[in-house]
Structures are given as C-alpha cells and as structure tokens.
Amino acid sequence: MARLTTLAATIGVTAALALSLTSCTEDAPTAEHPTGPNVVTVAAMAYSPASVTISPGDTVTWFFDDTGVAHNVIGIDAASRLLHSPMISSGQFSQTFDDPGTYPYFCSVHPNMTGTVIVRES
C-alpha cells in the first residue's frame, strides 16, 4: 500500500511539473510586425536592412524579433544623444529624425551588429 501511495504521489508531482513547464515555455504574444520602408527588423543577430535613408521628420521603427535574444539600438558618437533604446527581445522602438546627417548605431551587447540611418537633405 505504501508503494502504491508513493507511486501515486510521484505521478502527481510529475504531472504538476509537466504542466508548469508547459506554461513556462508557452510563447508570449508578440507585437504585429510593422511594414514599410522605414522599418528595421532586429533578428538573426542583425539589423535588416543595415542602412535606411529617410527624409527629415521621418520616423524609423526597429522591430525586435530574435527568438528571445535581447538587443538594443545605441547611437555612436553624436548619434548617442538621439538613439538609446531599451534592451528588449521582442516589441519595437521608434525614433524620429529631424536633422539631416548620418546616424550610425550598434547593439551594446553584440557590437558586431551595426546599422545606419541616413537623413538626406530636404
């Protein structure tokens, strides 16, 4: 009888563990992927496209979707005053660019990930 009780308890604990693990690995809902020429996808350890050219007043949106790997968008040199996103693995970050110029950026955790926003003269 004690053996049967132990077996039943083991099965119960195993089932509870399996249920809790299932709920932990369930995919969280993700934001809908924006579209358009001013959208940069952050996936596969890269910014794609790596360079976008826009007009003054345009907004660039970075869409983060790299299978749970967190990234950010950090401006280099003068661009650091404008570009400083949070470290995120899903969702999006947007920035409006008013002044013409070249705005290089990178991921502070993965410095080989680089990109550029070029704001052309009006």
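The values are calculated or read from the model by the stated rules, or taken from the named source; none is laboratory data. Since the model is a prediction, treat every value here as computed from it, not as a measurement. Cβ placement follows ideal geometry from the backbone for every residue including glycine, while neighbour counts extend to all protein chains displayed. What goes into the accessible areas is simple: the full protein's heavy atoms, side chains included, and nothing from ligands, DNA or RNA. Shrake-Rupley method; radii C 1.70, N 1.55, O 1.52, S 1.80 Å.
Figures for the structure shown
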read-out: Identity of the residue in the stretch 108-122, out of contact with any Ser or Thr (no Cβ under 8 Å at 6 or more places or on another chain) and in a loop (DSSP other than H, G, I, E, B), that ends up farthest from H84 (Cα to Cα); value: E121
read-out: Residues that are of a type in the set (G, A, S) and either free of Cβ contacts under 8 Å to residues at least 60 places away in the same chain or within 23 Å of P100 (Cα to Cα) (or both), drawn from the stretch 40-79; value: A43, A44, S48, A50, S51, S55, G57, G68, A70, G75, A78, A79
read-out: Looking only at the stretch 95-115, and only at residues there that are open to solvent by less than 60 Å² (accessible area, probe 1.4 Å) and farther than 16 Å from A43 by Cα, the one that is nearest to the chain's Cα centre (by Cα); value: Q95
